[in-house]
Amino acid sequence: MPHCAPLLPRRRAKRAAVPRHLVRLATALAITLGGARVLSAQTLEDAEMLQRREVHASVTYASEGWSEYWEGTLRRSNGNVGEVTTQSVGLRVGVGVGQRLTVIGSLPYVWTEASQGVLHGMSGRQDLTLLAKYRVANPLIAGRVRLKLLAVGGLSTPTSDYTPDFLPLSIGSHSKSAITRLATHLQDRTGWFFDGYAERVWRSNVTLDRASYFSDGHYYETNEVAMPDVAMYRGTLGWQRGAWCIPVGVSAQRTLGGADIRRQDMPFVSNRMNATTAHAEVMYFLPRTSNLRLDLGAAHTITGRNVGRSTAFMTGFTYAFHL
Amino acid sequence: MPSMKGARIVALAMLGIAVLVSSCDKSIVEPNASLPPVEAASVDANAGSWKMIVLSGPDQVVVPDPTPVTGAAYQAELQAVKTAQANMTDAQRAAVRYWTGAGVLRWNEIERELVARYNLPPAPRADGSYPLPDAENPFSDPVFPFSNPPYAARAYSYVSVAQYEALKAAWYWKFRFNRLSPARNDPAVATAVAASALPSYPSEDAVLSGVTAEMLKLLFPASLEEITRKAAEEREAAILSGRATASDVAAGLALGKSIAALVINRARADGMSTAPGNPAMWKSLSDAAAARGETPWQSQETPARAPLLMNFGTVKAWTMTAAQVTALEPGAPPSTSSQQMKDELATVKNTIDNLTRDQLAIALKWNDGAGTATPPGHWNAIASDYVRDARMSEVRAARVYAMLNMAMHDVAVGCWDTKMKFFNPRPAQLDPSIKTMIGLPNFPAFPSGHSTFSGAAATTLSYFFPQARASFDAMADEAGISRLYGGIHYPSDIREGKAHGTRIGEWVLNVARADGAN
């Protein structure tokens with residue numbers, strides 16, 4: 001996610017910091033076809049660094065729905081689920097630990113439902129994600145463009161005993177994960193900026209309540225499922241002026257292995273879930289309290305594999321203060 | 001904020017851990033991937049006299065006399081065994097280890113995989129109709145077969161019965177000719193396990209490969225290549241493991257294939273071809289229920305799908321006549337308008353609304369829905385763990401699977417006949433606010449298929465492994481109640497289903513008790 005910082009050079013405000021960031025489609029992008037995107041859900045995606053002792057606290061609500069999905073590469077609808085909706089309320093806190101180090105934690109509560117058919121929706125606390133962002137370099141290029149390079153590492157773990165074995169209505173994959181990411185941020189004096197990153201998510205194997213399952217052409221007689229890793233790429237172009245910040249971009253999730261959903265089969269937790277998603281946001285700094293920001297976002301999956309063709313909307317507030 | 005320094009260390013540690021964890025191993029190990037070589041407690045020398053099921057007798061298919069072991073031909077075969085053993089590749093060694101875990105066990109495992117692979121319902125066409133899988137065009141969409149629970153019950157039973165018949169015949173000829181194993185005829189032949197006293201002609205491995213491959217090719221024709229390769233691998237492993245020579249294998253293969261042909265003749269005439277039924281039959285089943293004043297079952301799928309194999313109740317059973325099948329069926333379920341049905345519906349609703357995580361786990365454990373080996377496959381997997389530990393000869397292991405799977409086939413016939421007779425709606429039909437925690441099977445509720453399969457399986461397995469009777473019974477009860485937890489069955493479906501299964505299990509055990517194997 002882009003950050004909507006004030007124009008360069010960055011000021012060392014003594015007052016409550018200007019809310020200079022946070023927020024994304026996080027939760028909105030989060031959960032597509034039963035956890036396909038769970039990882040990106042917890043990936044707090046901006047490149048912004050908080051100042052030391054600066055805290056950003058966010059509450060978000062997201063709703064995502066799809067009535068078509070890709071069964072492997074075949075785009076189809078399914079009368080037995082109709083439209084699948086995933087809603088979530090997320091809490092997120094970011095803390096500036098030092099000028100070069102920011103730590104963020106997030107935890108969503110998620111609930112799902114299908115508009116048709118008999119399948120029961122599911123709900124629960126999903127995964128806790130902790131992310132540490134370390135600023136590797138921060139040079140000014142040609143006297144006008146600030147380049148920032150970040151190394152990001154994080155861990156994510158389920159916080160409740162939800163099942164990953166009821167897709168597309170499971171609330172997540174119930175996998176622990178480790179996230180490593182290289183991110184860059186470019187911003188010039190006119191208000192234009194660019195964010196981009198490449199990320200690798202290692203995912204732990206998951207355990208089912210049953211002793212066997214079919215995946216990738218083989219019938220496994222064990223309850224343990226090998227989870228392929230995931231690569232994420234994201235690029236965002238944005239413009240920021242005054243109280244407004246408007247980022248627009250594209251992200252691509254590529255699962256590095258896993259099988260396609262077979263014809264007329266249910267999705268499975270280790271499927272090869274790929275998605276290319278367009279996203280746009282509008283952030284508005286509320287005028288009367290400069291450290292409160294309103295965020296609105298939307299995302300749409302343009303193309304995918306074993307995921308829903310989803311459209312998501314997100315709204316949230318971010319409050320900034322100094323410790 | 002004094003902890004900032006600590007927080008910095010924690011944050012940097014997280015970066016480090018994330019990088020380190022990324023190199024962890026995620027490979028999956030299946031518990032039964034390697035099985036210990038079977039050293040049977042007994043060779044079961046009299047198995048040639050055990051009662052046949054399909055064949056008229058053990059010598060219905062005649063095996064030609066073997067050449068003498070002192071002859072040049074046999075000596076050349078022994079030499080070929082030793083040469084092959086001296087030049088084994090790693091892949092061949094792996095195959096020997098795989099098949100010395102016992103052929104009957106391995107083939108059952110392979111069949112469970114085939115069932116799971118083909119256990120997917122056809123997708124609807126654009127016009128809302130559903131195509132039927134076509135055995136004459138098995139590779140198309142939909143692939144053939146759709147190995148749903150009744151299909152699978154029948155498939156497991158045909159393979160198991162054919163194996164049992166073929167191995168009894170093999171034992172008959174083995175002890176009639178008494179040709180010793182290669183290792184006993186020539187100490188220079190290496191063996192994977194201690195050389196058995198079981199005569200080698202015809203080779204039991206080759207018999208199994210031949211009979212099983214022929215049955216599986218009939219049942220899962222689109223997997224012909226895989227089946228053929230597995231069968232060939234088993235025969236090669238028989239030679240490489242020092243259990244058989246080329247002529248042992250040739251005689252075994254021929255015997256296995258000939259017996260498969262006899263069993264296939266039965267399969268072609270058992271009524272399965274008409275099991276899918278037709279729209280007119282669907283309508284008449286529904287009309288009959290309405291005429292009795294009951295709410296008829298309706299498909300909850302969109303678009304509506306015909307009830308699964310609505311005419312499976314007329315398929316031929318193994319151990320009973322059609323009249324005997326009917327005589328052992330449960331009576332009528334509670335009327336859809338009765339207070340009892342209202343109470344049971346409320347029980348389902350209350351269960352789903354207050355489901356615990358442990359109950360959900362039980363529902364998922366026994367789901368056995370699309371893409372699985374089905375409830376009969378689940379019970380075959382359970383049986384396999386006991387067979388594995390029991391040090392049985394191949395023919396005795398085949399007997400366990402034959403009895404288990406005949407019982408599950410016969411109970412499937414009775415269960416489907418009952419389901420269609422009463423055409424009783426599922427809970428989610430009578431109360432649309434009931435949502436399910438597992439897929440809703442597309443056929444009438446009464447009685448519960450899981451419960452009937454499980455009652456029959458637990459009863460049968462308890463006979464062979466009496467030390468585990470309580471455990472099998474507990475599993476059957478858990479399988480049954482899992483359907484209530486899933487929100488797809490009423491308590492009476494489960495209760496009557498298990499009782500039905502138990503009756504059929506006892507019936508089949510009368511066959512086992514009288515077959516001369518004890």
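Overview of values
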{"read-out": "Reduced Cα scattering model of the stretch A:26-322, Debye log10 I(q)/I(0), q = 0.08, 0.13 Å⁻¹", "value": "-0.34, -0.88"}
{"read-out": "Listed peptides B:285-296, A:159-170, A:235-246, B:417-428 by packing density, highest first (mean Cβ within 10 Å)", "value": "B:417-428, A:159-170, A:235-246, B:285-296"}
{"read-out": "Most to least packed among B:316-327, A:63-74, A:296-307 [average Cβ atoms within 10 Å]", "value": "A:296-307, A:63-74, B:316-327"}
{"read-out": "Anisotropy class of chain B from Cα gyration tensor, a/c 1.5 cut", "value": "oblate"}
{"read-out": "Vicinal HN-Hα couplings computed from phi for the stretch B:246-257 (Karplus, 6.51 cos²θ - 1.76 cosθ + 1.60; Hz; Gly/Pro x)", "value": "4, 6, 4, 5, 4, 5, x, 4, 4, 5, x, 5"}
{"read-out": "Sparse-neighbour loop sites [chymotrypsin sites (Phe, Trp or Tyr not before Pro); the stretch B:449-498; at most 11 other C-beta within 10 Å; DSSP]", "value": "none"}
{"read-out": "Three-way shape label, the stretch B:282-406, alpha-carbon gyration tensor, a/c 1.5", "value": "oblate"}
{"read-out": "At R0 = 56 Å, FRET efficiency that the Cβ-Cβ distance of A:L149 and B:A390 yields, to 0.05", "value": "0.30"}
{"read-out": "Computed Kirkwood radius, in angstrom, where 1/r is averaged over Cα pairs of the stretch B:398-518", "value": "14.7"}
{"read-out": "CD proxy at 222 nm, helix term only [per DSSP H run n ≥ 4: -39500 (n - 2.57); per residue of the protein assembly as shown; nearest 500]", "value": "-12000 deg cm²/dmol"}
{"read-out": "Relative contact order of the stretch B:79-268, defined on C-alpha pairs under 8 angstrom at six or more residues apart (%)", "value": "26"}
{"read-out": "The stretch B:203-323: mean projected area of Cα convex hull, nm²", "value": "11.0"}
{"read-out": "Partner chain coverage, peptide B:350-359 - average Cβ within 10 angstrom", "value": "1"}
{"read-out": "Paramagnetic reach from B:N87 (point 7 Å along Cα→Cβ, amide N under 20 Å) across the stretch B:205-235", "value": "B:232-235"}
{"read-out": "Cα-based equivalent ellipsoid, the stretch B:52-187: semi-axes from gyration tensor eigenvalues, Å", "value": "42, 21, 13"}
{"read-out": "Neighbouring partner chain Cβ atoms per residue of A:93-100, average, 10 Å criterion", "value": "3"}
{"read-out": "Semi-axis lengths, Å, the stretch B:79-268, gyration tensor of Cα atoms, sqrt of 5 times eigenvalues", "value": "36, 18, 12"}
{"read-out": "Shape call, the stretch A:115-162: gyration tensor on alpha carbons, a/c limit 1.5", "value": "oblate"}
{"read-out": "Which of B:F446, A:F313, B:F175 is most accessible, then next, and so on - probe 1.4 Å", "value": "A:F313, B:F175, B:F446"}
{"read-out": "Convex hull volume per residue in cubic angstrom - Cα atoms of the stretch A:236-283", "value": "90"}
{"read-out": "Whole-number accessible area per residue in Å² for chain B, which is evaluated in the context of all protein chains at 1.4 Å", "value": "38"}
{"read-out": "Test item: B:364-372 mean partner chain Cβ contacts at 10 Å", "value": "5"}
{"read-out": "Hull shadow area, averaged, the stretch B:149-209 [alpha-carbon convex hull, nm²]", "value": "4.9"}
{"read-out": "Full-stretch length increase - B:S273, B:A123 - with 0.36 nm per residue and alpha-carbon distance subtracted", "value": "51.9 nm"}
{"read-out": "Tilt relative to chain B, helix B:339-353 - C-alpha long axis, 0 to 90 degrees, to 10", "value": "70"}
{"read-out": "Relative contact order (%) - chain B, alpha-carbon pairs under 8 angstrom, separation at least six", "value": "18"}
{"read-out": "Sites B:I9 and A:R263 - FRET efficiency at Förster radius 41 Å, r taken between beta-carbons, to 0.05", "value": "0.20"}
{"read-out": "Estimated D of the protein assembly as shown in µm² per second, where Rh is the Kirkwood radius over Cα pairs and Stokes-Einstein applies at 10 °C, 1.306 mPa s", "value": "53"}
{"read-out": "Overall Cα dimensions of the stretch A:56-208 - principal axes, largest extent first, Å", "value": "61, 31, 28"}
{"read-out": "Cα→Cβ-extended label distance, 7 Å offset, between A:R76 and A:S123, nm", "value": "3.1"}
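The values are calculated or read from the model by the stated rules, or taken from the named source; none is laboratory data. Since we're looking at a predicted model, the values are computed, not measured. Note that each Cβ is placed from the backbone with ideal geometry, even for glycine, and that neighbours are counted across all protein chains shown. The area values use the complete protein model at the heavy-atom level, side chains included, leaving out ligands, DNA and RNA. Shrake-Rupley method; radii C 1.70, N 1.55, O 1.52, S 1.80 Å.
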